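Here is the structure we will look at.
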Amino acid sequence: EAQVTQNPRYLITVTGKKLTVTCSQNMNHEYMSWYRQDPGLGLRQIYYSMNVEVTDKGDVPEGYKVSRKEKRNFPLILESPSPNQTSLYFCASSFFSRGREQYFGPGTRLTVT
Amino acid sequence: AQKVTQAQTEISVVEKEDVTLDCVYETRDTTYYLFWYKQPPSGELVFLIRRNSFDEQNEISGRYSWNFQKSTSSFNFTITASQVVDSAVYFCALSGSGTYKYIFGTGTRLKVLA
């Protein structure tokens, strides 16, 4: 089954404790991206990757890191989480050169206390 | 700069009513892509439709239809004979040819009452 998976689905952590949210897709998409969803703000793009080893900032990259060492994986790293990073996070992937519709993972609800 | 405006924060309708969700966009790119996504109460994001800027044909899929008008920079979504299962948050999104980014609107919450 074609899908985007994210882990964990729920995470409660404390300020400053490094964490990684994993994302994997099995559709051979070259483009992957991370978003955060906050009430009243819709989805905002954090980082995206056009291909392996090619990443760039979205509109809200502060406090986040990403890496793309393999085509199928695109982890989101919060090196020192803060309460303002409490949010719902989505990973997505697409064939950017062929229509650009994105397919999303199930979401990760992160709470930073 | 790209921008997507969904001015309707929340809409409530009674089952079987028709409802239109508005989406207005801004971009300087001459080629761009527009999308609609549905987020039901379960939380996942479901792709509904993509429209390219060079294709202004309206599209119908069952009870869903989309009206793309470049002259007014709008890409509106109509649900005919709404059902309770249509209750969700709907997002409009834009990606211009001159960028690798996507811009989403703030979403419209649709409540369909039985």
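We did not get these values from a lab; they are worked out from the coordinates using the rules stated. Here the structure is a predicted model, which is why all the values come from computation and not from measurement. Cβ placement follows ideal geometry from the backbone for every residue including glycine, while neighbour counts extend to all protein chains displayed.
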Pick from segment A:11-35 the residues that are under 30 Å from B:ALA7 (Cα atoms) and touching a Leu at 6+ places or on another chain (Cβ under 9 Å): which of them is nearest to the other protein chains (Cβ to nearest Cβ)? A:TYR35
Test B:PHE68 against the criterion of being among the aromatic types (Phe, Trp, Tyr) and within 11 Å of chain A (Cβ to nearest Cβ), and give yes or no. no
Give me the strands (runs of 3 or more DSSP E) completely within segment A:36-81, filtered to those with at least 2 residues that are more than 11 Å from chain B (Cβ to nearest Cβ) and touching a residue at least 12 places away in the same chain (Cβ under 8 Å), ordered by residue number. A:76-78
Quick one: is B:LYS38 of a type outside the set (Val, Ile, Thr) and within 13 Å of chain A (Cβ to nearest Cβ)? yes
Contacts under 6 angstrom Cβ, first residue in segment B:72-85 being of a type in the set (Gly, Ala, Ser), partner assigned to a loop (DSSP other than H, G, I, E, B), 6 or more apart: B:ALA81/B:LYS16; B:ALA81/B:ARG63; B:SER82/B:GLU17
Could you look through segment A:82-93, keep only residues that are more than 9 Å from every other protein chain (Cβ to nearest Cβ) and under 26 Å from B:ASN52 (Cα atoms), and pick out the one that is farthest from the chain's Cα centre (by Cα)? A:SER93
Is it the case that A:ARG100 is touching a Phe, Trp or Tyr at 6+ places or on another chain (Cβ under 6 Å), over 23 Å from B:ARG50 (Cβ atoms), within 14 Å of another protein chain (Cβ to nearest Cβ) and surrounded by 13 or more Cβ atoms within 10 Å (Cβ to Cβ)? no
